[in-house]
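Step one of this worksheet: look at the structure below.
The values are calculated or read from the model by the stated rules, or taken from the named source; none is laboratory data. On a predicted model such as this, the values are computed, not experimentally measured, just so you know. A quick note on method: Cβ atoms are made from the backbone with ideal geometry, for glycine too, and the neighbour counts reach across all protein chains shown. Just so you know, the surface numbers come from the protein's heavy atoms only, side chains and all, with ligands and any DNA or RNA stripped out. Shrake-Rupley method; radii C 1.70, N 1.55, O 1.52, S 1.80 Å.
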Amino acid sequence: MPNVIEMKGITKIFPGVVANDNINFHLKKGEIHALLGENGAGKTTLMKILYGLYTQTSGDIFVNEQKVWIDSPNKAIELGIGMVHQHFMLVQPFTVAENIVLGAEPTKELGILHQKEIIRQVEEISEQYGLMVDPHARIQDISVGMQQRVEILKALYRGADILILDEPTAVLTPQEVRELTSIMEKLTAEGKSIIFITHKLKEVKAISDRVTVIRRGKVIGTVNTNDVDVRELARMMVGREVILEVEKQEATPEEVIFSAENLHALNDRGLPALDGATFDVKVGEILGIAGVDGNGQTELTEVLTGLRSLASGKVCFKGEDVSRLTTRKRIERGMAHIPEDRQKRGLILDYPLSLNMILGHHYQKPFSRGINLNYSKIRENARGLIEEFDVRTPNEEVEAKNLSGGNQQKVIIAREFSRDPDLLIAAQPTRGVDVGAIEFIHKRIVEQRDAGKAVLLISLELDEILSLSDRIAVIYEGKIVGIVDAKDATEEELGLMMAGAGIQQGR
Amino acid sequence: MDRVLNSKLVKTITPWMSNLIVPILAVLFALIIGGIFMIMVDANPLEAYTVLFKSSFGSTKNFFETLVNATPLIFTGLSVAFAFKCGLFNIGGEGQFIAGYIAAAWLGAFFHMPWYFHIPFVLLGVIVAGAIWGGVPGLLKAKLGVHEVISTIMFNYTALHLVNYLIRTVLVDPGYASTPLIDKSARLLRFYQIDFLNLRQIARGSRLDLTFLIALLVAFIIYWILWKTNIGYEIRAVGHNPSAAEYGGINVARNTFLAMAISGALSALAGASQVIGLQGKAYQLFGFIGHGFTGIAVALLGKNHPVGVILAAILFGTLQRGANSMQSVAGVPKEVIFIIQAIIIFFVASDYVIRKIYRQIKLKKEEVE
């Protein structure tokens, strides 16, 4: 098979950072090629160069063996390259058909839209590739999986032969992932070529023909997917051996320590986000909350920690109704919280690590005597935690903003664990951190459980939920639609519930 | 060259040097540009700056007089800086100044007691008045989300007209456009009245009084609150990142109110310093005196740090004092000084802009990774 794309010696330098360092990348006609790397490895940068959003500092790009200079997305589209971004770029109130043709609309005289022709063209293209959509439906009314199809159709409508999919599975349920896989296979059968950006090893194995691994801006290697196993891929991606499976013993749950009853709450726009969520957490277990993004997870976390007020319902902790307590009181009662957005919630980026590591306990002994801060105790505390949690930093007086994402997350985890909480609420504890740090964080969470504490894990990563939880609750449109034992849970079943097909099961 | 730049010495010096370098350059540039303006009006900039320097630092008396000008600016500068540390832009310094001004005049003239009660009594009353005048906008912000810039401007005008009404009616000294003179027991001593270290001799002819020392003491207290107590920890946390502060169990509304109340009290002390120190009474106001607004520039130039505020206040005091003598001695129009002040503010403010742009580029770069 000929190479449809060749990127030779691509280097991209941003002020002070080499994002891509002499990268060679080849895409064969009709293949699905995964681009694998950790966050910040430079894979998206490389694809943005190919799509004309950035221009390379040096190196050459060949499309169909012709040397080209791609300086804008228009140029890329002209060359038959289409990109589906991680965050969709669709006009919500427009119909599917209108979104697909947007920017290249068939018109009658005087620029009037040729509605019939639009529908006809969209139906034709969706049939051709077996990507069924309802052309009349409005984007705001269709599922995320459907929206992704619209994005793919949009690229195909513009004549794309080469598709770049940026982390396409991040927002999908397992069933939707499977559908996407078959769509991708159909497209390659039609002669399209696909580049698929991801950091999930399992998907690389399941979907791609070949894989190129990027680490710190450099290509580590390109291999046939069938020739490597997941462990080998992980090693290439991280640069060392990683333990992918979480080692844990059977849970020994005891009494219920925390319960949420019939929670109702509004989101920031004043719309219902929680609609009667009910569950409880026992001492010595990890309860995972699975669900597709945007089903009330953020609001749930905030309601439980006192950051958002309840419209109705009750939160009980250690036999006490804490629904009306402030965040500070809940922390004092023994709740800890790893927030889903570490930079917005979890850290004061302009504060040094030492001051970040006392946030929430700053007014208590030994960090304060009366109103006076005790800096020597504060520093001592920070030095201890940096050591224990292996935070990579020159010293404890470095400002939090100067740390990498994974190390910032470790700072938060160190702080929250240092309080020896009875309940840990961990929201997306491994979002955007590298495989090595994930391993570490997972280990600590299991240790917490084994020390006889309760853990509530809220995550969008189904793998994480499955490997850590003892019981799994699925949240859909603000309701818990089912709670299952993790031993018996299958991806199938959870995926169906995540899509709303819930049957309230016994606990 | 690289070796020098990478040396340990340079690396340790740069962090705090970089804080100093911009204000110093701003002042230098402003003086140069001010000089160009002087040449344009056929004045000799060298002569003018010599006069400026001599009138402010030429003798102890002159230096003390400069400090007289600096004293209220230290208070208002601290006021703006303190609110800013909580992420609030208090431009109600004028109104809070006036609140303290009238409170001092009223409590000083209409209540009678021995000095060791009277002075603390007046100061306490002034602090309460300023805390109310700054705290109410703080409360409005905390509870209703009313932006403090809007509400404090409104409070400025309210204070101005309300106080003029009071001075014309209930607090009037019949026959004067002012309140009666406050009791001697409420008045702070001038330096030349103090038998200590030959001050009678050194401070002769200067109006500098003990309010200046109070200003220094207050600057120290503000430093201590902001960086050495958990009150300051919370206020600065709210200023840097209210969401994270809230997450850490910090009551954002309470701290917003507290920061505005303290900020208001600081500006009120500036007003009081004019009454219990300099003037002995409150005059009817024909408009804003301007100390509150200058406080914004002082805080900006002083990088919102108490030490910086003191230095910046002295600089602005120098310029204010020099303006008059430059006009009379060197024939330079007073307005040139305003131009210099404006240019200083412009350069310091553009430093913020430059840093912000720089930070955004850096952020973009990080996003890319």
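Brief remarks on what is shown
- All positions within segment A:330-353 that are surrounded by fewer than 23 Cβ atoms within 10 Å (Cβ to Cβ) and under 19 Å from A:Ala400 (Cα atoms): A:Glu340, A:Asp341, A:Gln343, A:Lys344, A:Leu349, A:Asp350, A:Tyr351, A:Pro352
- Complete set of residues in segment A:210-245 that are among the hydrophobic types (A, V, I, L, M, F, W, C) and assigned to a strand (DSSP E or B): A:Val211, A:Val213, A:Ile214, A:Val219, A:Ile220, A:Val223
- Pick from segment A:355-380, criterion open to solvent by less than 40 Å² (accessible area, probe 1.4 Å), farther than 24 Å from A:Gln428 by Cα and not hydrophobic (A, V, I, L, M, F, W, C), ranking: nearest to the chain's Cα centre (by Cα): A:His362
- Considering (1) hydrophobic (A, V, I, L, M, F, W, C); (2) within 14 Å of another protein chain (Cβ to nearest Cβ); (3) crowded, with 16+ Cβ neighbours inside 10 Å, the lone condition that A:Ile5 does not fulfil carries the number (2).
- Note on segment A:356-375: residues that are of a type in the set (A, V, I, L, M) and at the interface with chain B (Cβ under 7 Å from one of its Cβ atoms) amount to 3.
- Residue selected from segment B:99-115 under the condition in a helix (DSSP H, G or I) and open to solvent by 60 Å² or more (accessible area, probe 1.4 Å), by the criterion nearest to B:Ala186 (Cα to Cα): B:Trp115
- Residues located in segment B:301-352, provided they are among the basic types (Lys, Arg) and either touching a residue at least 40 places away in the same chain (Cβ under 8 Å) or part of a helix (DSSP H, G or I) (or both): B:Lys303, B:Arg321
- Filtered residue count, segment B:167-197, keeping only those that are assigned to a helix (DSSP H, G or I), open to solvent by 40 Å² or more (accessible area, probe 1.4 Å) and out of contact with any helix residue (DSSP H, G or I) (no Cβ under 6 Å at 6 or more places or on another chain): 3
- 1 or more residues surrounded by fewer than 22 Cβ atoms within 10 Å (Cβ to Cβ) and at the interface with chain A (Cβ under 7 Å from one of its Cβ atoms): qualifying helices (runs of 4 or more DSSP H) within segment B:228-275: B:230-240, B:242-247
- Listed by position, the strands (runs of 3 or more DSSP E) inside segment A:281-349 whose residues that are within 12 Å of another protein chain (Cβ to nearest Cβ) and touching a residue at least 60 places away in the same chain (Cβ under 8 Å) number at least 1 are A:335-338.
- Conditions (1) basic (Lys, Arg); (2) more than 14 Å from chain A (Cβ to nearest Cβ); (3) under 30 Å from A:Val303 (Cβ atoms); number of the one not met by B:Lys281: (3)
- Scanning segment A:243-261 finds no residues that are within 30 Å of A:Lys401 (Cβ to Cβ), in the same structural domain as A:Ala499 (by TED's automatic domain parsing), out of contact with any Cys (no Cβ under 6 Å at 6 or more places or on another chain) and touching a residue at least 12 places away in the same chain (Cβ under 8 Å).
- Selection status of A:Ile386, at pLDDT 90 or above, closer than 22 Å to A:Thr305 by Cβ, of a type in the set (A, V, I, L, M, F, W, C) and crowded, with 18+ Cβ neighbours inside 10 Å: no
- Test: residue in segment A:47-68 that is in a helix (DSSP H, G or I) and at pLDDT below 90: no
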